[in-house]
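Data first, discussion second: the structure below is written as structure tokens.
The values are calculated or read from the model by the stated rules, or taken from the named source; none is laboratory data. All figures in this text were calculated on a predicted structure; none of them were measured in a lab. So basically every Cβ, Gly included, is an ideal-geometry build from the backbone, and we count neighbours across all protein chains shown.
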């Protein structure tokens, strides 16, 4: 199930909340939430839910065994190695096996059969959560969870199950046992959720349609304005889609008494690539930092090793986003810019703020094009057109019409990716609270109307 | 007041705000949920003119495939309380955001609705036209081919700024080119309509994709000439309703509440005639039932039928076979003065065998009559003309 659906908003959320608040004890609530989360997952993945349950049971049992090994370091290490391999094997089998087969086939000219399995929803997210738990228990950074329900809830909790943020176990452990929900915190959650829903439905979906339209246009008819309009739309779409989803997760967390880590901090305000990655999908970068980059030695190694570490981490980050060559290249692309920034442009950013900001924006926008095109020929043509090669003119009627039809959405997207609009909202909330209430409810109603409209489908028997 | 006291007050106010927000939103969700489960499901949507989906049976195989969740989402979206309010809200928001298009319909200047013309499939067009050419060669009848432009080209100054649309001028040229060197007389009504427009006549409905009866009557002499008649047309318009809200309003969801007049064209010298369709024989071309239905445009010929036959009492005049779309429906009366019999085939609904129709009736003339939008998307005409059905075996 996804948050931006009528099923979720009209049925799942109210029923879950009613049951949740009808039960007084934390244990009971955990049970309700676990049942709801399993239902939530099974709604979209009725078969693979079994896979998730196996992953939960396996991790729970084996981590307890590892914990019982106590001070026996050798035993702990064996357990750890097995657990890490086991978790990664699941992820690899379902997500990367076909990718590997494809590479082997291309390199060796063989004809190995692909598995053609569909990807279990959220597997990249819950595998990473399980791994963080496994490693933290191994490092004794956190105590082993003895209660199966609590552990299962940590993995499955529906707000962050399918699109993050990736919550580390120790960030949530305490609240699995004890939490208090105030009415104000509930309201805060609602506020955050409505912001997230609006970002996803009103901005991301709308601009997503613009990019789809542009990329479906025959390449020979695309003008300079059109390709840039498409690139900007995609850049905003991916941010509002993802951060909107994180906002909804964090908001739902508040409503249920949990605090999830922030995932985005206005990434498009960044004036360097390094800064961009401190603001973009924070829970993923921090996962890679804690469990890959630092164990590899981080930056406290020789220059060559450090560069090697960056390339490994960013290659993996790229691949995490999808099993395809363009994601790998997208990761290396960022490794390249990060290395340039670190070793060649030190101090440049402070001296040339505006220029750095523009440069970062360009790097990010071109990065998204690399991210969105799995077909390299198509990418080459599109990126070439963005640089002015082989376009069908500069403006074009089609592009002007698309621009005109979406200029207001684009301006709002622009403002909403900075902090200006939220600052304005906070001022209104402070000075004239009822207006802020009206704004919130209106955003909710309009978002729902956009969702309902997807099914608006007049049958015109008199159409002809 | 100290700084801390101010801060405290602010914090308290913020808490109050969040408590209210939680309360109001919580209540809204609760009310919507209760209404959704308590209100009985609706079968029909008057606004969308379709059957709404009903509760999907939870078949195990649908659930296992994961397609049950899609069925369920369709069902709950169709049955959500205040559905019409929500769809209007979306269209309204779109307008505020500067979008002037919905479901392929432009909201033009001064609020008139204009259907977009999509790029046509040239191969399909060639197939259709070749079928037309072959058909006329086979039966060797005098044939006219009439294309009517729609509002998207005749009223193009009313389109939103920069609105893209395929060119009907090019479409007409392509068609004419293909029919060149044949006996078929090709007529494009663009010129006639453009000159009528200069007289200030309303050519198209503002809420519907059809042309007005007045525009159709205005083009009658041009069409009659293409069929070899020189008669002057005399008649007048008779309004039958002033509360018509057409297909484009329904399709787009742009509900301005605008109501329009539908006219009939009544010739000065009335002739008696008999119309035969699938429902029986009628002494009129018009359907009162259609007028009162939720699609008043079906007043003309009672809507679209596969085959209708009109017999007049002008014995000795010629007979005509027409292949048409709904642009012909309001136009038909203008032709009747010149014929003893007119058979009208709408290929989209026709399931008979055209060969036997041709053999049983010795028509004098054949007319193809389409608006450019429908014709550019049509796939049924070539099927009917080539007769894909196996000929029935003799008993």
If you check residue A:91 against the conditions, is it outside any loop (DSSP other than H, G, I, E, B), assigned by TED's automatic domain parsing to the domain that holds residue A:145, buried (at least 16 other Cβ atoms within 10 Å of the Cβ) and touching a helix residue (DSSP H, G or I) at 6+ places or on another chain (Cβ under 9 Å)? yes
Residues that are out of contact with any helix residue (DSSP H, G or I) (no Cβ under 6 Å at 6 or more places or on another chain) and either closer than 30 Å to residue B:38 by Cβ or not in a loop (DSSP other than H, G, I, E, B) (or both), drawn from the range B:84-102: B:84, B:85, B:88, B:91, B:92, B:94, B:95, B:96, B:101
Taking the criterion of being on the phi > 0 side of the Ramachandran plot and more than 8 Å from chain A (Cβ to nearest Cβ), would at least one residue in the range B:75-88 satisfy it? yes
How many residues of the range B:30-47 are at the interface with chain A (Cβ under 10 Å from one of its Cβ atoms) and touching a helix residue (DSSP H, G or I) at 6+ places or on another chain (Cβ under 7 Å)? The answer is 5
So, residue A:189, is that one farther than 27 Å from residue A:364 by Cβ and not assigned by TED's automatic domain parsing to the domain that holds residue A:52 or not? yes
Please work out if residue A:80 is exposed (fewer than 13 other Cβ atoms within 10 Å of the Cβ) and either assigned to a helix (DSSP H, G or I) or free of Cβ contacts under 8 Å to residues at least 12 places away in the same chain (or both). no
Residue in the range A:2-14 that is more than 20 Å from residue A:252 (Cβ to Cβ) and either within 14 Å of another protein chain (Cβ to nearest Cβ) or surrounded by 21 or more Cβ atoms within 10 Å (Cβ to Cβ) (or both) present: no
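So that you can scan it fast, the table gives a plain yes or no per residue for (1) within 14 Å of another protein chain (Cβ to nearest Cβ); (2) in contact (Cβ under 8 Å) with a residue 40 or more places away in the chain:
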| residue | (1), (2) |
| --- | --- |
| A:156 | no, yes |
| A:167 | no, yes |
| A:174 | no, no |
| A:182 | yes, no |
| A:195 | yes, yes |
| A:200 | no, yes |
Looking at B:301, B:381 in this structure, which one is at positive phi, within 14 Å of chain A (Cβ to nearest Cβ) and either buried (at least 22 other Cβ atoms within 10 Å of the Cβ) or more than 27 Å from the chain's Cα centre (by Cα) (or both)? B:301
The range A:387-409: number of residues that are out of contact with any strand residue (DSSP E or B) (no Cβ under 9 Å at 6 or more places or on another chain) and at the interface with chain B (Cβ under 10 Å from one of its Cβ atoms): 13
Tell me the helices (runs of 4 or more DSSP H) entirely within the range A:351-464 that contain at least 3 residues that are under 30 Å from residue B:252 (Cα atoms) and in contact (Cβ under 8 Å) with a residue 24 or more places away in the chain. A:397-416, A:433-453
Conditions (1) facing chain B (nearest Cβ under 7 Å); (2) modelled with pLDDT of 90 or more; (3) buried (at least 20 other Cβ atoms within 10 Å of the Cβ); number of the one not met by residue A:447: (1)
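For every residue, the table says whether it meets (1) in a helix (DSSP H, G or I); (2) within 30 Å of residue A:242 (Cα to Cα).
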site	(1), (2)
A:19	yes, yes
A:36	yes, yes
A:70	no, no
A:76	yes, no
A:96	yes, yes
Of B:93, B:70, which residue is surrounded by fewer than 20 Cβ atoms within 10 Å (Cβ to Cβ) and facing chain A (nearest Cβ under 7 Å)? B:93
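Here's the yes/no breakdown for (1) surrounded by 15 or more Cβ atoms within 10 Å (Cβ to Cβ); (2) on the phi > 0 side of the Ramachandran plot; (3) at pLDDT 90 or above:
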{"position": "B:33", "(1), (2), (3)": "yes, no, yes"}
{"position": "B:44", "(1), (2), (3)": "no, no, no"}
{"position": "B:53", "(1), (2), (3)": "yes, no, no"}
{"position": "B:110", "(1), (2), (3)": "no, yes, no"}
{"position": "B:120", "(1), (2), (3)": "yes, no, yes"}
Checked A:245, A:268, A:334 against criteria (within 15 Å of the chain's Cα centre (by Cα) and either part of a helix (DSSP H, G or I) or free of Cβ contacts under 8 Å to residues at least 40 places away in the same chain (or both)); the one match is A:245
Give me a count of the residues in the range B:330-379 that are under 14 Å from residue B:147 (Cα atoms) and assigned to a loop (DSSP other than H, G, I, E, B). 2
Output the number of residues of the range B:313-329 satisfying the condition of being surrounded by fewer than 22 Cβ atoms within 10 Å (Cβ to Cβ) and assigned to a strand (DSSP E or B). 2
Criterion: under 30 Å from residue B:15 (Cα atoms) and in contact with a helix residue (DSSP H, G or I) (Cβ under 9 Å, 6 or more places away or on another chain) - qualifying residue of A:447, A:405: A:447
What about residue B:347, is it touching a strand residue (DSSP E or B) at 6+ places or on another chain (Cβ under 7 Å), within 16 Å of residue B:131 (Cα to Cα) and crowded, with 18+ Cβ neighbours inside 10 Å? yes
In the range B:236-257, how many residues are assigned to a strand (DSSP E or B) and either on the phi > 0 side of the Ramachandran plot or within 14 Å of another protein chain (Cβ to nearest Cβ) (or both)? 1
From the list B:291, B:233, which one is under 19 Å from the mean Cα position of the chain (by Cα), more than 26 Å from residue B:102 (Cα to Cα) and either away from every other protein chain (no Cβ under 12 Å) or assigned to a strand (DSSP E or B) (or both)? B:291
For the range B:193-230, which residues satisfy the criterion of being under 16 Å from residue B:150 (Cα atoms), more than 22 Å from the chain's Cα centre (by Cα) and crowded, with 17+ Cβ neighbours inside 10 Å? B:196
Regarding residue B:80, is this residue in contact with a helix residue (DSSP H, G or I) (Cβ under 7 Å, 6 or more places away or on another chain), surrounded by 18 or more Cβ atoms within 10 Å (Cβ to Cβ) and either closer than 30 Å to residue A:187 by Cα or not assigned by TED's automatic domain parsing to the domain that holds residue B:251 (or both)? yes
Any residue at all in the range B:278-288 that is under 23 Å from residue B:364 (Cα atoms) and out of contact with any helix residue (DSSP H, G or I) (no Cβ under 8 Å at 6 or more places or on another chain)? no
Any residue at all in the range A:26-35 that is within 26 Å of the chain's Cα centre (by Cα) and within 14 Å of chain B (Cβ to nearest Cβ)? no
